Each structure stands twice: as C-alpha cells, then as structure tokens.
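Worksheet for the structure shown next.
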Amino acid sequence: MARTTGSHSDITGPRIRAAALRLFARHGFAAVSMRQIAAEVGVQAGALYNYIPDKQSLLFSLMQSHMEELLAARAAQDVPGDALGRLEAFVRFHIRFHLERRDAVFIAYMELRNLSPENFAAVEALRRTYETTLEQVLQDGVAEGVFAIPDIRIAARAVIAMLNGINTWYRVGGPMPLDAVEAVYWDMVRKAVGG
C-alpha cells in the first residue's frame, strides 16, 4: 500500500502515536477505530498499516514506550544515599514525570485489560521493575530504622496509587503551585511509612 502523498515515516509515525494516545485517553481503546486515528492524522485508514500492524500493537507500543521512558528517567535521576532522601526523590520524581504525561499515565493504568496476554505480561514486567525500585527504598528504610512498614509490596503499591491520583485533580495555574503539592504529598507519604 502506498503512502499518502507528502507523508514521511519520521513525521507520520509519531503523529499516529500522538493521535492514538489522545483518542485512547479521551474515549477508551475499545471505542476508538483505526479509521478515527487515520482521520485525526489526515491519512487514509489503510495507510496506518504502513506504520503499525494493528490497533493492539499500537496500544502495546504506547504502553511499553511509556514504561521504558519512566524507567530510563528514574535510572538517570541523582538520588541521595539514605532511604528517607531516596523516598523523597522518588515521590517528587514520580509526580513531575507523570503530570507531564497525563494521557500516557491514564492509558498505562486503565487500558491494561485490553492488552493481549503476551503484551500484558511484557508491560506488567516493566511495571514490576518500577515498583521494585520503590520497594527497595522502603526495605532499606526499614533496615535503617526510619520506616515502619508491615508489608513492603502493599506499601509500595499504595504510595504509587496515591501519587498517581494527582493526575485526576491537579491543574497548572490552580490554587496550589506544584512545589506546594509535592511538599504536601511528600509529607503524607513520609507519615504513611512511619518516617
């Protein structure tokens, strides 16, 4: 199938991904057709298949990319040596990274059910890697005597769920600046783990 006149893979491919991200976040994966994605990009529906094999592959690619970017950004972050400082760095990093990617975060959590079993396992493995970085911080804090946590895995998931909730209500220009919101959430997380 020939590309639409004037299309370029280095331009059209990213535009397809961006359009799918917006549409999936707004309407849900199941409600969005390939024809809608094509219309959003300005190409014929059949032209999409020059860039992606199918809608499932597109969803998986979006979710996998989000998780890989998250892990890479977290690995590149400078963090303090002590567990309390590392936990604060995690909280602030998580908030800022995710607020800049609301649609990707929404899809990463709400559309897991629409992944094939194989794709689900791959994304879940990436999510587990991220959760493990937080679990290690919490375990170190317990070992250092600064945290009191009965179940590390549940605590890590609870912290991540709390931090993800910011995406549902925080808006730039709202009554609280982001620094103040981060400080409040950091205080809540610290108290929740007994720090």
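Taking every alpha-carbon pair under 8 Å whose residues sit at least 6 apart, the chain reaches a relative contact order of 22 percent.
Using only helices, what value at 222 nm comes out for the chain when you add -39,500 (n - 2.57) per DSSP H run of length 4 or more and divide by the total residues, to the nearest 500 deg cm²/dmol?
Numbers: 9 runs with 135 residues, N = 195.
The helix contribution divided over the chain gives -22500 deg cm²/dmol.
Inverting the pair-averaged 1/r between distinct Cα atoms of region 44-102 gives 13.8 Å as its Kirkwood hydrodynamic radius.
When only Cα pairs under 8 Å and 6 or more residues apart are kept, what is the percent relative contact order across region 97-194? Please report the intermediate quantities before stating the final value.
Values: 34 pairs, mean separation 29.2, N = 98.
Here the relative contact order equals 30 percent.
Among GLU100, GLU131, GLU69, the order of accessible area from largest down is GLU100, GLU69, GLU131, computed with a 1.4 Å probe on protein heavy atoms. Each listed q (0.14, 0.27 Å⁻¹) maps to a log10 I(q)/I(0) for region 83-150, found by the Debye formula over equal Cα scatterers with no solvent: -0.56, -1.12.
Annotation: peptides 77-85, 58-66, 136-144, ranked by per-residue average of other Cβ atoms within 10 Å with the highest first, follow the order 58-66, 136-144, 77-85.
Short to long, the 5 Å bins of the Cα pair-distance histogram for region 128-167 hold 6, 26, 30, 22, 12, 3, 0 percent of all pairs.
Fully extending the segment from MET176 to ARG26, taken as 0.36 nm per residue of separation minus the present Cα-Cα distance, adds 51.4 nm.
Under 1.5 on a/c is rounded, so check that first for region 16-64, then, if it is not, pick prolate when a/b is larger than b/c and oblate when it is not; a ≥ b ≥ c are the square roots of the alpha carbon gyration tensor eigenvalues. Walk me through the numbers on the way to the answer.
Numbers: a/c = 1.69, a/b = 1.18, b/c = 1.44.
Since a/c reaches 1.5 but b/c is at least a/b, the shape of region 16-64 is classed as oblate.
Taking a quarter of the surface of the Cα convex hull of the chain, what do you get in nm²? Intermediate results must be reported in sequence, preceding the final value.
Working: hull surface 50.4 nm².
Its Cα hull, projected and averaged over all orientations, spans 12.6 nm².
The values are calculated or read from the model by the stated rules, or taken from the named source; none is laboratory data. Just so we're clear, the structure is a prediction, and the values are computed from it rather than from any experiment. Cβ: placed from backbone, ideal geometry, glycine included. Neighbour counts: every protein chain shown. Just so you know, the surface numbers come from the protein's heavy atoms only, side chains and all, with ligands and any DNA or RNA stripped out. Shrake-Rupley method; radii C 1.70, N 1.55, O 1.52, S 1.80 Å.
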